[in-house]
1. 5 Å is the cut-off here: which amide hydrogens, built 1.01 Å from N in the peptide plane, fall below it relative to Gln136, excluding neighbours closer than 5 in sequence?
2. Determine the shape class of the chain: with a ≥ b ≥ c the square roots of the Cα gyration tensor eigenvalues, call it rounded for a/c under 1.5, and otherwise prolate if a/b is greater than b/c, oblate otherwise.
3. Rounding to the nearest 10 and keeping the result within 0 to 90°, find how far the Cα-based axis of helix 21-34 lies from the longest principal axis of the chain.
4. Pulled fully out, how much extra length does the chain show between Val194 and Gln133, if you take 0.36 nm times their separation in residues and subtract their Cα-Cα distance?
5. Using the crude model of +1 on Lys and Arg Cβ and -1 on Asp and Glu Cβ, and no other charge, please compute the dipole size for the chain relative to its Cα centre, in debye to 20.
6. When only Cα pairs under 8 Å and 6 or more residues apart are kept, what is the percent relative contact order across the chain?
7. So what is the 222 nm mean residue ellipticity for the chain from helices alone, if each DSSP H run of at least 4 adds -39500 (n - 2.57) and you divide by all residues, rounding to the nearest 500 deg cm²/dmol?
8. What size of dipole, in debye to the nearest 20, comes out for the stretch 3-84 about its Cα centre when the only charges are +1 on Lys and Arg C-beta atoms and -1 on Asp and Glu C-beta atoms?
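Read the figures in this text as sums done on the coordinates, not as results from a lab. Given the structure is predicted, the values throughout are model-derived calculations rather than measurements. Note that each Cβ is placed from the backbone with ideal geometry, even for glycine, and that neighbours are counted across all protein chains shown.
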Amino acid sequence: MAEQQVLSQLAAAMSDSPAPIYQRVKQAIVNQIRSGMWQPHQRVPSESELVNELGVSRMTINRALRELTSEGFLLRMQGVGTFVAEAKAYTAMLEVHNIAEEIAERGHRHSSKVLRMISRAADSEQALALGIQPGQTVFYSQIVHYENDIPVQLEDRFVNPQAAPDYLQQDFTLLTPHHYLSQAAPLTAGEHVVEAVSPTDEQRELLALAAHEPCLLIRRRTWHGTRVVTSARLLYPGSRYQLFGRFKSHGDTRNS
């Protein structure tokens with residue numbers, strides 16, 4: 001759809017209700033999305049274009065776009081632009097899944113970029129997480145995972161070489177660490193810790209995050225038998241992901 005046509009349709013969708021102007025702008029954009037006039041991944045006109053077409057202040061447009069992003073209607077990528085968001089992708093919080101398979105199940109394309117693949121001496125924190133002695137060798141990888149070329153996960157992973165000695169020889173642009181580790185040291189137990197965090201400047205750049213956008217962090221450890229296999233930090237853009245879990249009640253809800 002031609003950009004001027006997009007702007008003209010949005011202007012026509014603006015209501016003349018007595019609501020604050022930023023709310024009227026938000027509602028007009030939401031109506032365009034819900035009606036299918038604006039499709040997922042479609043670029044949204046810039047702030048300057050919206051200011052000129054709608055005749056409102058830049059502050060009004062900025063607030064409308066910022067709130068629509070936090071509400072999940074839009075996706076703002078630093079240095080790239082603002083786009084119509086899809087319904088949030090999700091990852092299963094209580095299970096361990098292959099991110100490539102999760103993305104494929106949504107009918108989308110997974111790709112990845114390997115940033116680091118090295119061996120190093122474990123510091124005290126890494127040694128404690130992996131159940132080894134400080135100074136022992138650990139394998140470290142850092143990988144960005146993409147869904148339809150949009151970064152959705154930054155994976156920092158430490159691996160116990162005794163459990164997966166060939167880890168550094170793998171091509172993780174062709175398979176995921178999860179796929180390899182599932183064969184080298186099949187999962188027998190795992191733990192997750194989930195928290196909301198503010199990313200570093202480097203993480204913000206790697207995930208193409210807007211300023212001040214928070215992230216979801218999963219700290220994951222997995223075991224094969226009595227041996228810790230891996231300790232991973234999985235960082236997700238808060239506006240693009242949600243965590244999902246399901247459980248069954250056993251009849252006693254006193255501690256729920």
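1. Counting only residues 5 or more places away or on other chains, the set is Ala122.
2. On the way: a/c = 2.59, a/b = 2.11, b/c = 1.23.
Prolate shape, in that a/c is at least 1.5 and a/b is the bigger ratio.
3. Compared with the principal axis, the helix lies near 70 degrees.
4. Details: separation 61, 0.36 × 61 = 21.96 nm, distance 2.61 nm.
That works out to 19.4 nm of additional length.
5. Values: 25 positive and 27 negative charges, 83 e Å.
So the magnitude is around 400 debye.
6. Working: 431 pairs, mean separation 44.0, N = 256.
Over the chain, the number comes to 17 percent.
7. Working: 8 runs with 74 residues, N = 256.
For the chain, the value works out to -8000 deg cm²/dmol.
8. Values: 8 positive and 7 negative charges, 40 e Å.
Magnitude of the dipole: close to 200 debye.
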